[in-house]
1. Can you run phi through the Karplus equation (6.51, -1.76, 1.60; θ = phi - 60°) for the range 328-341 and list ³J(HN,Hα) in whole Hz, with x for Gly and Pro?
2. How much accessible surface area, in Å² rounded to 10, belongs to the heavy atoms of Cys172 with a 1.4 Å probe?
3. Select from Ser296, His325, Trp259 the residue farthest towards the positive end of the dipole of the range 256-329; place +1 on Cβ of Lys and Arg, -1 on Cβ of Asp and Glu, and compute about the Cα centre.
4. Would you please state which residues of the range 104-123 a label at Asp232 would reach in this model, taking the label point 7 Å out along Cα→Cβ and a backbone N cut-off of under 15 Å?
5. Enumerate the aspartates and glutamates that Lys22 could reach by cross-link, defined here as Cα to Cα under 17 Å, with residues fewer than 8 away along the same chain left out.
6. Would you mind pulling out the separation of the Cα centroids of the range 120-181 and the range 211-273, in Å?
7. Please list, in chain and number order, the residues 5+ apart from Asp354 or on another chain whose amide H is under 5 Å from its amide H, with Hs placed from the backbone.
8. Lys and Arg at +1, Asp and Glu at -1: add these up for the other residues within a Cβ distance under 14 Å of Ser95 and post the number.
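The values are calculated or read from the model by the stated rules, or taken from the named source; none is laboratory data. These figures come from a predicted structure and were not determined experimentally. Cβ placement follows ideal geometry from the backbone for every residue including glycine, while neighbour counts extend to all protein chains displayed. Protein only, heavy atoms only, side chains kept; ligands, DNA and RNA dropped before computing areas. Shrake-Rupley method; radii C 1.70, N 1.55, O 1.52, S 1.80 Å.
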Amino acid sequence: MNRDHLIKPILEADYPMVEYGKGVYLYDQDNKKYIDGSSGAVTASIGHGVQEIISAMNEQAKKVSFVYRSQFTSEPAEALAKKLSEIMPGDLNWSFFVNSGSEATETAMKIAIQYWQEQGVYTKTKVISRWMSYHGITMGALSMSGHVARRERFVSLLDDLPSVSAPYCYRCPFNLTYPSCDLLCASELERVIQRTGEDKIAAFIAEPIVGASAAALVPPAGYYEKIKTICDRYNVLFIADEVMTGIGRTGKMLAIEHWEVQPDIVALGKGMSAGYTPIAATLVSDRIMDPILKGSKSIMSGHTYSANPLSTAVALAVLEFIEKHQLVDVAADTGKYLKEKLQEIAKKSSIIGDVRGEGLLLGIEFVTNKIEKRSFNKAFNISGLVIKKSMKKGLLVYQANAGDEGVTGDAIIISPPLVITKTEVDELLTILNEVIEEIEDELGLLNSLAQEEVEINESL
C-alpha cells in the first residue's frame, strides 16, 4: 500500500502501521506490542477494543448515523446531554456537542461573549488565559493559548489577548516560594483585569491541570479559590478547559473539583469518547444560559457533525462504562501508585527534576542539574530521546513543554488508560526506568569525553 499521500506529523518520518489494540496495548503489523502509556494524546481512557463500546457503535449505525441538528434531535444526543448534567458538579446542565477540544474551547469563548451581549454589554469581548497553556489549534483557541511552538507561525493572525503567568511552583515566575508567595500568580489576574479594563474582559480560561504546555502542572492549594473570587469580583466568567483533564483522568470527574470551585462553562473532549469517535462538548451552567433563553434563544455556533447520533451514542456508552467500572476512583488509586513509583525513580535519577500531576495525568520534567533546576540545551532534545527510546522498547509516552516560559525545558506526560492494572503499571515503569538509565549512561559518556577533550587541550 502506498502511504506517501498521507500528511503525517513529520512528513518524512517512518511510522509503524498499527494493526489492532486490546486493553492498554497497541500492536503494529509486525505484531510488536506497545504499552499505551499516554492513551494516545491523553485520549484512550478506557483502553482499546472494548466490546461494549463497539456494540453500541454497531447498534446505532443500524438505526441512523447522521442527522443535521437544525432538522432533528436524536435519542442518543438527548440521553448524553442528560447523563452529563447528572454527573457534572453544580448546575452545568446544558451541553453543546462539537467534534474536537479546539471547537469546544472556541465555543466556550463565543458563549461567554454572547452571555454579555444578551444583557446589552458589547464591550466584553476579550478572554484572559495563562501563558503556559494550550486550548486548541483553531485560530480562536490558539489566540487563547500560550503554547509558543504552536503559535509562532500564526502570531500575525491571532487575536492579541491578555495573559497571566502559570502557577509553576517548580519554577516560580516571581522567584517566590509557596505559601509565603501569597499566591501572587493568582493575584496577577486582578492586575491584568484592571490594566485591560473590567468592561473589556468576558472570561478567564484555564486548564485546571496544565497539559501539553507544562507537563501536568498542578496549582497549589487555594489557587483556584482565589482565581474564582477575582473573577466574581470583576464580573468575569470562569471557563475550565477540561478537554484533557475531564471525565475521570485526574481521579475526579472534573479536575477543577480538586479545588471545589464551580466553573461557569466547561470544555470537554478526549476522554468523553475515549477515542472511539470524534466528539467534544461545551457545558454551560444554568446561570449563563438564563439571559440567552430570555433573549435570542439561540447560541451562535454550530458544526455539521454537532450532536451526531452515532458519536453521541458512543460517548454515552463510554460514560456508562466508566460509571459501571468506577474508573474515576480507580484512576485516583492507580495514579497514586504510579506517581509514588515515578518519584522513586526520580530520587535515584540524575536527570529527573520534577514529577507532578494528579490521578493518571502525570508529568516528568528533565533537568541537567537538579539543584539549580537547569534545563538541558535544546540541542540534546531529551524529551524526543525519551520518547524514541521508549517506543523502541514498546512504551508510548507523550511529549510536553517545560522550562522557563514553557520554552527551554524538556518533559513528558505519562497518562495510561484508566483501566491499567498495577501489574501493567509495573511493566510501564520497568521500560521507562531502563530508558532513563540508558540516557543517563550516554550523557555520562558524553561528559567524560568532553572532560577528556578539555584536559588534552589544556596540556597542549
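1. 5, 5, 4, 4, 5, 5, 5, x, 4, 4, 5, 5, 4, 5
2. So the heavy atoms of Cys172 present about 30 Å² to solvent.
3. Value: Ser296.
4. No residue passes the distance filter.
5. Within reach: Asp30, Asp36, Glu52, Glu424, Glu427.
6. The range 120-181 and the range 211-273 have Cα centres separated by 15 Å.
7. Counting only residues 5 or more places away or on other chains, the set is Glu365.
8. Charge balance near Ser95 sits at -3.
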